[in-house]
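Okay, structure first, notes after.
Coordinate-derived values only; no laboratory data. Quick caveat, the model's predicted, so the values are computed rather than measured. Note that we place each Cβ from the backbone using ideal geometry, even for glycine, and neighbour counts take in every protein chain shown.
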């Protein structure tokens, strides 16, 4: 196995429990970009047991809620592709009308040089994820 | 309001309940492409009440399960952007290693002419979504 999400080297983990982890994505144009990674090597949401599926989505949506609370982006983008790395993970991306790619996805054509909106402090982000998980928002 | 997902003209709806609908997306290169649209005009998952969030995700994952059961794709792609149309909707896309864009997203650069894998019959798809909702798969 040489799956980069199983090896998990050089990650900046901001939140984790025994089942999944939230990391900061090193993206110069989109500093608030987070990734939620299921620890076990499975490919699809429908490969998970219903309770695990729900847990992963709770963490994805808590990360969305935390990013909204801390950064007030114009939009949140959520995506799970896995075409290149078929190990279940979710992209959670705060987007701004004046960022480099808006309204394209962050993987699309650049639209402008773009404003670099700062990401969230890691400790504040971890706390906001805990808070969102506790309250449902 | 001139939101195209509120107006909902010329859609091919394959499944619906009072809260959301699943439509076929008219994409020549990816005939199995479905979209799950929340009926009410809200922008973000975290704008929904927790029970509504869960319901929408149940329908998204039932659509994933139905497409896997009927089409056996190499991968499923899930995404909710809303940068262009900020009305909550999910893309559910069966992907194949030899399709036009793989491993890029379907919005990315074409990689080849690509094999056109047929989509699912609408009645079979509706039944498979019902079945996935009933069983959790």
Considering only the range A:24-47, state which residues are under 14 Å from the mean Cα position of the chain (by Cα), in a loop (DSSP other than H, G, I, E, B) and over 18 Å from residue A:3 (Cα atoms).
-> A:26, A:27, A:30, A:31, A:32, A:33
Considering A:119, A:108, A:82, which residue is assigned to a loop (DSSP other than H, G, I, E, B) and more than 9 Å from every other protein chain (Cβ to nearest Cβ)?
-> A:119
Can you name the residue in the range A:61-76 that is without any contact (Cβ under 8 Å) to a residue 60 or more places away in the chain and surrounded by fewer than 22 Cβ atoms within 10 Å (Cβ to Cβ) and, of all such residues, is nearest to residue B:85 (Cα to Cα)?
-> A:75
Please work out which one of (1) closer than 19 Å to residue A:21 by Cα; (2) touching a strand residue (DSSP E or B) at 6+ places or on another chain (Cβ under 8 Å); (3) surrounded by 14 or more Cβ atoms within 10 Å (Cβ to Cβ) is the condition residue A:132 fails and give its number.
-> (2)
Please work out if residue A:98 is in a helix (DSSP H, G or I), within 13 Å of chain B (Cβ to nearest Cβ) and either within 26 Å of residue B:52 (Cβ to Cβ) or without any contact (Cβ under 8 Å) to a residue 60 or more places away in the chain (or both).
-> no
Working only within the range A:29-48, note down all residues that are at the interface with another protein chain (Cβ under 9 Å from one of its Cβ atoms) and without any contact (Cβ under 8 Å) to a residue 24 or more places away in the chain.
-> A:46
